[in-house]
Every structure is written in structure tokens, then in C-alpha cells.
Amino acid sequence: MPKRTLDRLPLRWTLLDKLEAIARFLWPARLRGATGWLFITPALLLVGVLLIGLGYMIEYSLHELDLSTYRLKDAYTLDNYVFLVEQPVYLRVLLRTLLAATLVTAMTLFLAFPYAYLMVRTPSSALRKFLLVSLFLPFFIGQVVRAYGWLIILGKEGIINTVLLKMGLPALDLIYNYGAVVFGLVQYMLPFAVLLIVPAITAIGEDIELAAESLGANWLRAFWHVVLPMARPGLVGAGVVVFTLSMTDFAMPEILGGGTTDFIASAIYDSFFQLSNSGLGAALSIVLVTLGSILVAIVFRLTGAGTLSIRQ
Amino acid sequence: MSLIPSKKWVLWSLVSFSLVTLSLPTIIIIGASFTSGDIIQFPPDGFSLRWYERLWELDDFKDAFLRTFQVSLICTVVAIPVGTLAALATVRYRMRFQQTIQVYLLLPFTIPLVVSGIAMMILFGEIRILGQLWPVGIALCLINLPFMIWSVSSTVNGLDPELENAAHSCGAPPVQTFFAVTLPAVMPGIITGALLMFILAFNEFLVSLFLTDARTVTLPVQIYNSIRSVITPDLAAVSVVYILVALLAVWLLDRLVGLDIFLKSR
């Protein structure tokens, strides 16, 4: 009789029992307290790949290029870093990049905030869905394809210029300049910024805004004194992400800048693949990583991690 | 929300500008891909499907598409267990060095992609796996891993720990509790994360640029390489493939978990 019931046990149960036994064997109860570590280890190992790669990068950056063989010399030296400091061109590229990143961050936040605000506050669910889809679609289409789209619109023989010519007007240089790169970056960063600002706006009760307005603040003042300060975690998070992403971008300066507006990423790429000087490129990479980390650390120290923290 | 007219006007003019910049490239690409002329111009020469026919004959792009699909699949399959477990660990379990681990797990975001890409190119070159396809998938999983962890951890936050305790006290052993209680509860986060991972790997460009060669080139890199020369409509037809895939992803995301999930406060 008991045998028959055992036969009728569903396969799932038997399988699950086996699994439990295996789990007990591999991870006995006394290790239960360390389960967190068991769960996190794969992620730690995966990110470790990046760290090892960075280790190689640091090692490369400490060797000078031997111009007779085009390989790195064996001796350790800081010459690559000295070279970066001594060559004014790298400082120029750095400043150009930082200025662009600042402009992009300011413009993106300026556009992203109303977008996020309207998306959260609108009573119409159809409008909300439309705004969400319009945001996700470009986000999912990818940078290269979007840059290509802008190339068709703004290019030398692009749509705007052909229309201008047909109307007998002179063609405009809309592309391969600083402005095109900044514009390209703004539209590329917009979805990131909106998605990071949205949770912060959701967290602000609409009644608080209404209270401010009913106490006599006009909407601009309510915005400035109530909504913006309360949305600060989202703005900081979005600002940091937009700034670091645009500071290190490669595709927009290449495609929409056409080589006229080199950013740091382009300089790193060129050191590796045009100059074949991996030592110099590695040194430039290390400088970029250090600079980015310092900037992020300062912002977080001043304002907190905002919406960026994993643990809420 | 009853809007004051001036507020409504300011909001809408800014949002309309954003909407145009977000959507214009997509619309133009779709339009350009149907032209019957040899070059892209406005107004277009006429309607035809010839560039799609040509696309079907371009084996380069077809192969690159299949490779990209493969790479994205590898990326997603690796990301699901790794990211889910990491999210559970960081939110659910008390661990020492919690702060350090968080900073460490965010490294893929804090290290610029151009640096990550070259660093992995150097590493993969040293251990002689450069030029294969699977390391590209692993690399793309690595650089986007925080997205997966974020998606899952936001649902873990909403999961009541008492549910797991209840399962325990009803006699469910740990593995059963995990599969019957924990996993279903965080499923929306896993689905969101997996979709994000797939689509981001599908259009990832910079890291793929460093890790692929002529034999393993993926579609975004192939498009980038072709942009350099003259702008012809065949590239627009390829780009439409991306638009369709993105549409499919948005639709799936909305059907499976609802786009509104991104509007929650955290």
C-alpha cells in the first residue's frame, strides 16, 4: 500500500527531492549563513574579468613604446603619463570633452525633467503610454542607428539641405561640428535621464505641489522651491549618468563629429589603433577612469547616491 | 491634474521638442528605406521595396544579424542567473562589506565603455579567446550587468520576507522555497532585466567594435563601418530591422510586465 502511493508521486516531487538532497550535500545547513556569498560569487567573478583587464591596462601604461620594433619596452617607466601632461593637445581634448559633457548634461536635464514630470502627472493613461513608448523605442534602437538617422537628416546631402537647395537657399553645415555632437548626445541621453528622474517625481505627492500653489506660489515658484529640490536625488543620479556617459562616448563624436571633434574616447582609440601605441592609450585610459571616478565620488559625497543606489 | 495654461504651454513645448528629437530619426529611416531612388533625398523618388530585396542578397548583413542574435542570447542566458542571484544577495542577505560590494558591482557602469572594451580586448587576446563569438556575449553581459541587478532588486524590495519564512515553517526545504516562493515573486524583475539585457546587447556597439574582427563582426559594428562611405538606402533598410526589433521589445515589455513598472517610485 505505501509502495503504491510512492509510485504515484508526481515526477516533479521526486525531482525536487533529488534537488534538495543535492543542495544539502553541496551546501550543508551549517553554511546557511553564507548563502549570500554563494549567490553573489558569480557576479563577483564576472566583474572580476573587467578588473583583470584593467590590471593589464595599468601594466601596459607603465611601458614605453619602442619605436624600432613597435612593441612595448620591458622597463617600467612613467613616461607615458609625462607625455600626456606635456602634450597640450591632450589637455585641449580633455577640456573640449568636459565642456561638451557639461553642456549635454545641462540640456538633457532641462529637457528630461518636463518629460518625466508630464509622464508621471498626466491623468491620461494613453498619453502616458505614448510618452513611454516614444522614450523606449529610441532607447532600444541603439546609438549607431540613431546617429545614422541624424546623418540622413542633417548631412551635407541630407534632407534639410536638399530642401534648402530646392528652395534656392544656400546649404548649411549642420554636421561634422561641435554642435552636432552635443545635439546627438543630448537626444541619445534623454531616455536615460528621464527614466532616472521619474522615480523621484513619483515620490513627490501631488498634494504637496497643490499645497504650495494654494498657499499662493505661482507654478514656477512651486516648481523651483518645492518640486525641483524634492526631485534632487533623481536629478543628481541622472546628471551623473549623463555626464559620465557623454564624457566617455565614442560613437557620436565619430559619426556626427566626423573626426573634427575628438573626444577623449577618440584619443584613446587613436592611440591604440592609429598610433599603435598601446602604452600611451592605456595611460590615457587610466587617466580617464581616475578622472571619472573622482568626479562621481565628489558628487556622491556632496549629494548622496540619489536614485543610483542598488539598495533602496 | 488641472494645468494652469502657462504651465501647460511651457511643459508641452519642451516635451514636444523632446518627442521630435526622439522620434524623427526613426521616422526618417523608415521613410528612406522605401525610396525607389539610388540616394536618399526629400521628397523621395517613389515607393519601392528594392532595398529590402537587396538586403536579402547581402550575406554580410544577414550573417552579422545572426551573430548579433547569438551574442545577445549568450549575454541574456548568462545574465539571468548571475544578476538574479546577485540582486537577491545584495538585498536579502546580510553580508559584510555590503558597501564595497555595491561599488564593485557598479564598476561596469563607472568604467567607461571605451576602456572596458579595450581592457577586455587585451585580456581576451592574452588568453587567446579573442576572435570567438562567446566571449563577446560574456563581455556584453558584464558591461550591462547592473541593469539586470537593478531590475531584479527593485522587485526583491517589494517581496515580503515573511513569505519565505511562512514557506519554511510549513516545512518547505530551501530549494523548494526558492523555486516556489522567491523566484515567482521576483519574476517581473527577471523578465524586465532579461529583455533589457537582450536588447542592449543587440544594439551594443563600442565594446563589440573592439572584440570582433571581420569574421565575427556584429550588426551595429557592421552598420558603423558602412556609414563611413556614401549614404545609401540599403543601410536604412538594415536599420529598419533594428526599429522592428525595438518595437517588438517594447511591446513584449508592455505585455509581460507593463511599461508602468518604470514609473514606480523607489
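The values are calculated or read from the model by the stated rules, or taken from the named source; none is laboratory data. Predicted model only: the values in this text are computed from it and were never measured. Using ideal geometry, Cβ is built from the backbone for each residue, glycine included, and neighbour counts are taken over all protein chains shown. Quick note on the areas: whole protein, heavy atoms, side chains included, nothing else; ligands and nucleic acids left out. Shrake-Rupley method; radii C 1.70, N 1.55, O 1.52, S 1.80 Å.
Key figures for this structure:
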read-out	value
Residue match in the stretch A:225-240 (condition: assigned by TED's automatic domain parsing to the domain that holds A:THR108, more than 25 Å from A:LEU131 (Cβ to Cβ) and at pLDDT below 90)	yes
Test: residue in the stretch A:106-129 that is open to solvent by 70 Å² or more (accessible area, probe 1.4 Å), farther than 25 Å from A:ALA251 by Cβ, among the polar types (S, T, N, Q) and more than 9 Å from chain B (Cβ to nearest Cβ)	no
Within the stretch B:79-106, considering residues that are more than 16 Å from B:ILE143 (Cα to Cα) and outside any helix (DSSP H, G or I), the one most open to solvent (accessible area, probe 1.4 Å)	B:ARG94
Failed criterion for A:PRO253 (all others in (1) open to solvent by less than 60 Å² (accessible area, probe 1.4 Å); (2) away from every other protein chain (no Cβ under 12 Å) hold)	(2)
Where a residue in the stretch B:17-39 is part of a helix (DSSP H, G or I) and its partner, wherever it lies, is open to solvent by 10 Å² or more (accessible area, probe 1.4 Å) and among the hydroxyl-bearing types (Ser, Thr, Tyr), with Cβ under 7 Å and at least six apart	B:LEU19/A:SER134; B:LEU22/A:SER134; B:SER23/A:SER134
Condition check for B:SER153: touching a helix residue (DSSP H, G or I) at 6+ places or on another chain (Cβ under 8 Å), modelled with pLDDT under 90 and under 28 Å from A:VAL242 (Cα atoms)	yes
